[in-house]
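Here's the structure we're looking at; comments come further down.
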């Protein structure tokens, strides 16, 4: 099942990047596709991440700095980084204060490509 493969990709990302605590893949409308974050309300995160990504894309277009790469939310206790996965999905990654942002940037791109390929086989509805 594609959802199980996506959960494995999220778990692999958590293992490869120091400080990553979980992740959620959602449709661009905020509906959860897969989650590796048992301690958060994944549906709420997915909806908020979709809104954040939409605002980020609009802001990027307004200031004419090129396509949006990511939206990062820095908090006292850690980070949430939201990435587009194609035109129809997103990846939200949570991390603690010690999260390795440089490694996340590199590894998230690889994860996004693999998740995007999985979603092409079974599109997000």
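Only the coordinates and a few stated rules stand behind these numbers; no lab work does. Being a predicted model, the structure only gives us computed values, none of them experimental. For neighbour counting, all protein chains shown are included, and Cβ atoms are generated from backbone atoms with ideal geometry for every residue, glycine included.
Kindly provide the Kirkwood hydrodynamic radius of the chain in Å, to one decimal, from all pairs of distinct alpha carbon atoms.
Numbers: mean 1/r = 0.0700 Å⁻¹.
Mean inverse Cα-Cα distance, inverted, gives 14.3 Å.
Once you order the gyration tensor axes a ≥ b ≥ c over the Cα atoms, which shape class does the stretch 38-83 get: rounded for a/c under 1.5, otherwise prolate or oblate by comparing a/b with b/c?
Details: a/c = 3.18, a/b = 1.86, b/c = 1.71.
Cα axes put the stretch 38-83 in the prolate bin.
When the chain is treated as a GNM with alpha-carbon contacts under 10 Å, the residue of 110, 14, 102 showing the greatest mean-square fluctuation is 102. Using C-alpha pairs under 8 Å with a sequence gap of at least 6, the mean separation divided by the residue count of the stretch 2-121 gives a relative contact order of 29 percent.
Mind sorting 37, 64 by how few other Cβ atoms lie within 10 Å of their own Cβ, fewest first? Before the final figure, lay out the partial values.
Details: 37 18, 64 6.
Sorted ascending by nearby Cβ count, the order is 64, 37.
Spatial offset of the stretch 83-98 relative to the stretch 1-52 amounts to 7 Å, using the alpha carbon center of each. Just checking the listed ones, 51, 60, 34: in the Gaussian network model of the chain with Cα springs under 10 Å, the one fluctuating most is 60.
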